[in-house]
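Working notes, structure below.
Only the coordinates and a few stated rules stand behind these numbers; no lab work does. No experiment lies behind these values; they were computed from the predicted model shown. When we count neighbours, we look across all protein chains shown, and the Cβ atoms used for this are built from the backbone with ideal geometry, even at glycine.
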Amino acid sequence: MATIPASSPADARAIARRGPTLFLLTCAYFFSYMDRQILAILQEDIRAELLLSDTQLGLLAGFAFAIFYATLGLPVARLADRGNRVNIIAIALALWSAMTAVCGLAQNFVQLLLARIGVGIGEAGSSPPSHSIIADLYPPEKRAGAMGIYSLGVVLGAAGGTMIGGTLAHFFGWRVAMFAVGVPGILLAIIIKLFVVEPRRGLSDPSHAPAAHGAMPGFADGFRSLFASRAAVHLVMGVTITSLIGYGHTAFGPSFLIRTIGLDKLQIASIVAPVGAVCGTLSAVLGGWLANRAAERWGLHSQAWLVLVMKGVGLPLSFLFFASSDPWIAIPIYWLSLLLINSYLGPTFALIQGLAPLRMRALWAAVTLLVINLIGLGLGPTMIGVISDALKPAYGDAEALRLAMLTFAAATPWALFHYWRAGVWLKRGAAA
């Protein structure tokens, strides 16, 4: 597909720096997920010191964080569609990094809750402008690969939080771990501000794409236009249900390994997380690469069906992992499942950005993230905590958590249905 040529020195500079820019945006996403998910490896220590229930832990990881993270994404996206996206990302990164360090000062549930809300407020300014920048730097046929690389922030951030947080907590305590992962993000914010170039909107879109001009669309326009697209609706539903399951499992994954499988924090940090990071990285990169190849051969609709196939094959492995009690059996199955189940983010967000009007790209990303995070991040960890607490009287601490995790995995076919329907509507749209 023909793309708009770099018509100015600024365009040429943005294209020349798109690789390093993608790297830095991925690093910001890494810090976002690391600061968000470090709570998972620390929560058994926090639970013991602050005397918290699983429901309270779920609220800290889920709804209390997500309500601010998700809702503030909309005004931030509106600002990103109008102004300088690089400045927004840099300011947001500095804010959430500082608030992560503040988490290490909390003396009770309420103080930790307020600090986590601060992290959520800061992180609201990261993904929508990043999605918009990436879409402007990469043409449609290469976006899935670029978004796949960007989605490494999820895999590596969760693994980094587990490895760094678990190791530091083992030797120095959970409070030091919070400080250690928070402070470096402030330095990265400065680097992003100094290095990343703000690209022209629509820079890498096909030459026949409509120009981005006229009145700036409002929130209602963004919601209306997204939900008027049946393909986009199914993509949003698919990624939301997948995220509900994934956020719940991620929030309580280390607790499951400690309580139910019998590992300790250092084993998780030094063995499980590093190999898991490699497997998740391969899944994200391979998923993006396969999505690009599929789009070139069969059309963009095949990217949705690729997600369907990879997650469908990975589902039985997830069931086997959560049903296992022997770590020598469970952990290899977990690593194998990661090779398949983390492939969905790049193709999904690339397809959504490709469907979005030029001046609504950050807004569409924010609307998508609003739904994902209110339902997925907000309810996922909270629901697992509630289910686990409800089952403890009958099944005990360890088995109650296992059943909660299995219950969530069983919702995966619902997500797969929406990816199938998204592919159907994308194919019809391409043929129209």
Determine ³J(HN,Hα), in whole Hz, for all residues of the range 331-340 in sequence, where each value follows from phi through the Karplus function 6.51 cos²θ - 1.76 cosθ + 1.60 and θ = phi - 60°; x replaces Gly and Pro.
-> 5, x, 5, 4, 4, 5, 5, 5, 5, 10
Between W420 and F179, what FRET efficiency follows from the Cβ-Cβ distance if R0 is 35 Å, with the result rounded to 0.05?
-> 0.15
Counting other C-beta atoms within 10 Å, which of S225, S126 has the fewest, and how do the rest follow?
-> S225, S126
12 Å beta-carbon shell around E44, net charge (K/R +1, D/E -1) | -2
Subtract the Cα-Cα distance of E198 and I67 from 0.36 nm times their separation in residues, and report this length gain in nm to one decimal.
-> 44.3 nm
How far is it, in nm, from the label point at A16 to the one at R428 when both lie 7 Å from their Cα along the line to the Cβ?
-> 4.7
³J(HN,Hα) across the range 135-150 via Karplus (A = 6.51, B = -1.76, C = 1.60, θ = phi - 60°), whole Hz, x for Gly/Pro?
-> 5, 6, 8, 10, x, x, 6, 10, 5, 4, x, 5, 5, x, 5, 4
Assertion target for L403, L370, L266, ordered by fewest C-beta neighbours within 10 angstrom first, is L266, L403, L370
Would you mind getting me the FRET efficiency between L114 and L320? Use the beta-carbon distance for r and R0 = 45 Å, nearest 0.05.
-> 0.70
Could you put V76, V307 in order, starting from the residue whose Cβ has the fewest other Cβ atoms within 10 Å?
-> V76, V307
Expressed as a rounded percentage, what relative contact order does the chain have, with Cα pairs under 8 Å and six or more residues apart?
-> 28
Per GNM of the chain with C-alpha springs under 10 angstrom, the most fluctuating residue out of K265, K193, K311 is K193
Which semi-axis lengths, in whole Å and largest first, follow from the square roots of five times the eigenvalues of the Cα gyration tensor of the chain?
-> 34, 24, 19
Of A80, A273, A106, the most mobile residue in a GNM of the chain (C-alpha springs, cutoff 10 Å) is A106
Length gain on complete extension for the stretch R82 to E399, per 0.36 nm per residue less the alpha carbon to alpha carbon distance?
-> 109.1 nm
Treating the angle as unsigned and between 0 and 90°, give the value, to the nearest 10°, between the Cα long axis of helix 361-371 and the longest Cα principal axis of the chain.
-> 30
Quote the FRET efficiency, to the nearest 0.05, computed for D264 versus E141 with a Förster distance R0 of 45 Å and r equal to the Cβ-Cβ distance.
-> 0.45
Under 21 Å Cα-Cα from K142, which lysines qualify once same-chain neighbours fewer than 8 residues away are excluded?
-> K427
With I121 itself left out, Lys, Arg at +1 and Asp, Glu at -1 over residues whose Cβ is under 15 Å from its Cβ give 0
What residue among L244, L50, L300 shows peak mean-square fluctuation when the chain is described by a Gaussian network model with Cα springs under 10 Å?
-> L50
If the cut-off is 24 Å between C-alpha atoms, which lysines fall inside it for K392, apart from same-chain ones fewer than 8 positions away?
-> K265
Could you let me know the centre-to-centre spacing of the range 96-169 and the range 340-390, using Cα atoms, in angstrom?
-> 14
In the range 12-87, what is the volume of the convex hull around the alpha carbon atoms, normalised per residue and reported in Å³?
-> 101
Quick one: net charge of I88's neighbours, Cβ under 15 Å, K/R +1, D/E -1?
-> +2
Taking only DSSP H segments of four or more residues, each worth -39500 (n - 2.57), what value at 222 nm results for the chain once the sum is divided by all its residues, to the nearest 500 deg cm²/dmol?
-> -26500 deg cm²/dmol
